[in-house]
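Right, one structure below, let's go through it.
Derivation of every value follows stated rules applied to the coordinates shown; laboratory data play no part. Predicted, not measured: the structure shown is a model, and the values here were computed from it. For neighbour counting, all protein chains shown are included, and Cβ atoms are generated from backbone atoms with ideal geometry for every residue, glycine included.
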Amino acid sequence: MDIMNDTSRSGAGDRWAWLFPGQGSQKVGMGRRMLERSVAARRVFEEASEAIGVDLARLCLEGPLETLTATENAQPAIVTVSVACLAELQDLGLSPPIVVGHSVGEFSALVAAGCLPLADAVRAVRKRGELMASVTTPGGMVAVMGLEAARVEALCHEAARDAVAVVAIHNSPQQFVLSGDVRALERFKDLALAAGAKDCVMLEVSHAFHSPLMAQIHEDWRAEVARLRLRMPRCPVILNTTAKSVETLVCIRRSLVEQLTAPVLWMQCVKNLASLGVTRVLEVGDSKVVSSLARRTVPTLQTQTFLDPSILNDLTPVKG
């Protein structure tokens, strides 16, 4: 059953999109409810664990947080939890109407759309995390809240006069993440607070993700992506780097490669969903991060997440 226009539990004419969270959404205990209630979800964890030789169920449930947060662990763990949620939905006869994933969540979205087998996706993001962790160029990231895009871009340009700093993630109209050289980010932080930002926080990350400082691993990652067994999607997929729907497999490979150094256009992706008539979004994962950002971008969107205990009942079509 396709819930793009399902009216059994929601208003007539509702159009759905499924959203998949990315790195930063990890927490010890994630996936517990799926593992406890769903055979299909347990099979997903087993397949993913076998693919990379890591007990992902134990990692997600027990941590420790420091180990789970390591980039090479967090990425396959997040994808596995999202695909476990997907498996529960598919057990109900539901299929994704349109999908978009935040950063590494794009791999979850590609699995949901039938573009990529789970085992391949988990192996790829494990390698992606290992490569990202291997970058020797120092850098960091800073989140700014309460300034509009044009002001953020201008202050970023000013701060980056002798070092690298770019707007790396467009989360919502009032939340952006910059990435680059720590000196430039510290300058930006001072400038942003002086300009009236509500908050500006240095993130606890090891590298300057989604910035030119990740270029060191670009060719190695390109070679990994070239080996992926991709298929054309069964439903529309909105890509992070373009905020547009997939048209060719070349588009998918290019987006996955360019994500390393190009910004995540999440805000623009959500606006594109709204332009396509989407009125409701479901966050497919043990998180409410990306659905919350979506609502901040398009306040009229109605959101649901797997953190809601009644979610499976809400989505199950009424019989009779």
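Under 5 Å between amide hydrogens, built in the peptide plane, is the criterion, and for Val264 it picks out Ile169, His170 among residues at least 5 positions away or on other chains.
When only alpha carbons are used to place a centre, the stretch 239-256 and the stretch 112-129 end up 16 Å from one another. With point charges of +1 on the Cβ of Lys and Arg and -1 on the Cβ of Asp and Glu, referenced to the Cα centre of the chain, which listed residue (Cys235, Val81, Val39) lies farthest in the positive direction of the dipole? Of the listed residues, the answer is Cys235. Report the Stokes-Einstein translational diffusion coefficient (µm² s⁻¹, integer) for the stretch 190-300, Rh taken as the Kirkwood radius over Cα pairs, at 10 °C with viscosity 1.306 mPa s. It comes out at roughly 96 µm²/s. With the charge dipole of the stretch 227-320 set up from +1 on Lys and Arg Cβ and -1 on Asp and Glu Cβ about the Cα centre, the Cα lying farthest toward the positive end among the listed residues Pro263, Thr248, Pro309 is that of Thr248. Net charge dipole, the stretch 1-136: roughly 160 debye, given to the nearest 20, about the Cα centre with Cβ charges of +1 for Lys and Arg and -1 for Asp and Glu. Pairwise alpha-carbon distances in the stretch 140-206 exceed 14 Å for 46% of all pairs. With kT/(6 pi eta Rh) evaluated at 20 °C and eta = 1.002 mPa s, and Rh the Kirkwood radius from Cα pairs, the chain diffuses with a coefficient of 108 µm²/s according to Stokes-Einstein.
Each Lys and Arg contributes +1 and each Asp and Glu -1, all at the Cβ; summed about the Cα centre of the stretch 140-206, the dipole is approximately 60 debye.
Sorting the segments 35-41, 61-67 by their mean number of nearby beta carbons within 10 angstrom, highest to lowest, gives 35-41, 61-67. For the chain, the Cβ-based charge dipole about the Cα centre amounts to some 560 debye (Lys, Arg positive; Asp, Glu negative; other atoms uncharged).
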